[in-house]
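The values are calculated or read from the model by the stated rules, or taken from the named source; none is laboratory data. As the structure is a computational prediction, the values presented were derived from the model and not from experiment. Cβ atoms come from the backbone with ideal geometry, glycine included; neighbour counts cover every protein chain shown.
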Protein chains: 2
Amino acid sequence: MKQTHRITIQASAKDNRKHTSKIWQMEPVSLPALSRVALCGGTHGNEMSGVYLVRELQRQKLEKAGSATLTTVISNPRAVQVCKRYTDTDLNRCFTDAILSSPVTDATPYEVRRAQELNTLLGPKGNVGAMDLLCDLHNTTANMGLSLISYSVQDWVIMHIYRQIQRKITSAPVRFIVLDLPLADAYSQDSLGKHGFSIEVGPQPHGVVRADIFNIMKEAVDQTLDWVQCFNSGCAFEGGEVDNVYTFVKSVYYPRDPETNQIAAAIHPQLQDRDFCLLHPGDPMFLMFSGEILKYEGEEVLHPFFVNECAYYEKSIAFHLARKMTVTIPPLQVKRD
Amino acid sequence: MKQTHRITIQASAKDNRKHTSKIWQMEPVSLPALSRVALCGGTHGNEMSGVYLVRELQRQKLEKAGSATLTTVISNPRAVQVCKRYTDTDLNRCFTDAILSSPVTDATPYEVRRAQELNTLLGPKGNVGAMDLLCDLHNTTANMGLSLISYSVQDWVIMHIYRQIQRKITSAPVRFIVLDLPLADAYSQDSLGKHGFSIEVGPQPHGVVRADIFNIMKEAVDQTLDWVQCFNSGCAFEGGEVDNVYTFVKSVYYPRDPETNQIAAAIHPQLQDRDFCLLHPGDPMFLMFSGEILKYEGEEVLHPFFVNECAYYEKSIAFHLARKMTVTIPPLQVKRD
């Protein structure tokens, strides 16, 4: 199958102009039907929109999306039970090949054992028996609206789903975050599927469900299932550009008190709630508890995201920085037998 | 000492008009100087503004407020360490006379032991040796702005501090919540002081510190310490009316799924973030995860607060309801020896 593709990296560093390179028309792609779809919530036990949404689908006994079977899973029931992100270790960092194949002993953390169970149920990762599509539901305390997160901008199924969600959902900004890792090192649960992505919606405090955030997540899930049905039934999806694609560059850490080693600042009010804005050199970044302001001293203009995410305090991460891209995707339709 | 006082309960039930009863001029009151002040954070270990504010004051070694000594305390260091509300039981429900005087055994929860330690350090509750003023710092996920919470509208020190905070702080709405309980049953840490109140600021996710919320709390603490210095140095504070005083009426609980007993709804978007608005009979209250709307069926128009507070999920409390009052306070100044 011959393909050409083009990734345009926005020249945001100095002048925020786009490269104006020629866009090649990509040849149409045919891919197998998605006959087994999994929808997971509670991978982090205190991210409540996904927990309540999966429970509601289970209550409704929703087990089909058109011709596809739908499997719904509460990924970390122990963590959900105690309303914590995890009990022993972060489940959503346990899906690397190394951890999935590690021997189980009495000392093995609960989440490692659970990851291996989930790999049996929804994978095996990278194997022909894996779910065709895995969608994992998350919340963040950051003001990120609706983000899809995955490991490639060349998984055309996911990119087409992203474009449909972006076109149809107007209640929140919609963006795509790509983590550039090989499959073996992909650590999150969505990597178990042949195609997989996480849906991340915020801001919502962990341990809380907000109707507005729940509804945005539900719309994204409805659009995903709608796209799958349409794809499986033979719809042809046009190729073209998709924008608002962000690639992870680096993490920025909280400043710490040299004596106590404790976090010594909050995100500056001018950065708080401004996920995916442009952060320029010299922009305020932290407000120290002493009142002092710390500014961004990087050389490149980048886009902060996961700004003030609760779960990242334990690693002292204040936010991540990304570069913005536009991606061209090919026309897509289901491969006929 | 002859006093007259008047509490006007706003006739909000039907028409939201105020009673127009005559306001009597109250006679001036003299009270002893406040020579020992305590400021506590981390009573709930995941309410971060108070934790970081107390740590910052400790870093600055701030031990005086004018002539008053200032004691700063992290109330629940174990819970702060693990960033949870509490480890065994809610510390801020442990300051009743019954719990403070209960015998300690090996089975006694950590927080009960810690409450008894704090009673020794900051009390004893109701005793002449207690702190003259105790201010306890809290956060909520509810959109409550800045609220002072205490057990009486006739503690003139607290009411005058409230009025100063209300007059000086414009960055958030300022309100007073009164819990009508006798001192022996007063369960929160602020009841250890001769005068005591909690400062509650939100919305802020638990486990997160936001600079805007931190700054509002800091302003409230600064105003409190400023008022204490002014009072101790002989300033005369005028009497008059104070408004936006709310008295707890009852709690409203989440609807539950009859089969699973799990919470079956979120706060309705029209109520979310609208703490202290007027809730009328027929107003939407819950959005069921199934899509159905539940309406408020009470007969009285009341004011919801602590709407969607994270910590109340474990008790299934969706919000509290209050009645609004205006309180008349007397002129106040320090009693000369």
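At-a-glance table
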| read-out | value |
| --- | --- |
| Residue in the range A:157-164 that is polar (S, T, N, Q), within 18 Å of residue A:305 (Cβ to Cβ) and outside the structural domain of residue A:274 (by TED's automatic domain parsing) present | no |
| Residue list for the range A:53-66, filter: crowded, with 20+ Cβ neighbours inside 10 Å, modelled with pLDDT of 95 or more and either over 18 Å from residue A:211 (Cα atoms) or in contact with a Gly (Cβ under 8 Å, 6 or more places away or on another chain) (or both) | A:53, A:54, A:55 |
| Test: residue in the range B:111-121 that is part of a loop (DSSP other than H, G, I, E, B), farther than 21 Å from residue B:223 by Cα and either small (Gly, Ala, Ser) or in the same structural domain as residue B:241 (by TED's automatic domain parsing) (or both) | no |
| Selected residue (criterion: surrounded by the most Cβ atoms within 10 Å (Cβ to Cβ)) from residues of the range B:116-153 that are farther than 23 Å from residue B:228 by Cα and over 18 Å from the mean Cα position of the chain (by Cα) | B:116 |
| Matching residues, the range B:67-95, being surrounded by 16 or more Cβ atoms within 10 Å (Cβ to Cβ) and not in a loop (DSSP other than H, G, I, E, B) | B:68, B:70, B:72, B:73, B:74, B:78, B:79, B:80, B:91, B:92 |
| Residue, nearest to the other protein chains (Cβ to nearest Cβ), within the range A:183-235, restricted to residues that are among the β-branched types (Val, Ile, Thr) and more than 30 Å from residue B:319 (Cβ to Cβ) | A:224 |
| Residue match in the range A:67-77 (condition: among the hydroxyl-bearing types (Ser, Thr, Tyr) and modelled with pLDDT under 90) | no |
| Residue list for the range B:216-233, restricted to those being in a helix (DSSP H, G or I), within 25 Å of residue B:336 (Cβ to Cβ) and more than 15 Å from the chain's Cα centre (by Cα) | B:223, B:225, B:226, B:227, B:228, B:229, B:230, B:231, B:232 |
| Contacts under 7 angstrom Cβ, first residue in the range B:156-170 being closer than 9 Å to residue B:223 by Cα, partner among the acidic types (Asp, Glu), 6 or more apart | B:169/B:219 |
| Unmet requirement for residue A:22, which otherwise passes all of (1) buried (at least 17 other Cβ atoms within 10 Å of the Cβ); (2) modelled with pLDDT under 95 | (1) |
| Pair list, Cβ < 6 Å and 6+ apart or interchain, from the range B:118-138 residues that are closer than 13 Å to residue B:38 by Cβ to residues that are of a type in the set (Asp, Glu) and surrounded by 24 or more Cβ atoms within 10 Å (Cβ to Cβ) | B:134/B:190; B:136/B:190 |
| Inter-residue pairs, beta-carbon under 7 Å, first assigned by TED's automatic domain parsing to the domain that holds residue B:119 and in the range B:172-186, second buried (at least 21 other Cβ atoms within 10 Å of the Cβ) and in a helix (DSSP H, G or I), 6+ apart | B:172/B:216; B:174/B:165; B:176/B:162; B:183/B:191 |
| The lone exception for residue B:177 - which of (1) more than 11 Å from the chain's Cα centre (by Cα); (2) of a type in the set (Val, Ile, Thr); (3) surrounded by fewer than 24 Cβ atoms within 10 Å (Cβ to Cβ); (4) not in a helix (DSSP H, G or I) it fails | (1) |
| Residues of the range A:236-267 satisfying the condition of being away from chain B (no Cβ under 14 Å), touching a Leu at 6+ places or on another chain (Cβ under 7 Å) and of a type in the set (A, V, I, L, M) | A:249, A:252 |
| Residue ranges of strands (runs of 3 or more DSSP E) in the range A:268-318 with at least 3 members within 13 Å of another protein chain (Cβ to nearest Cβ) and over 20 Å from the mean Cα position of the chain (by Cα) | A:284-288 |
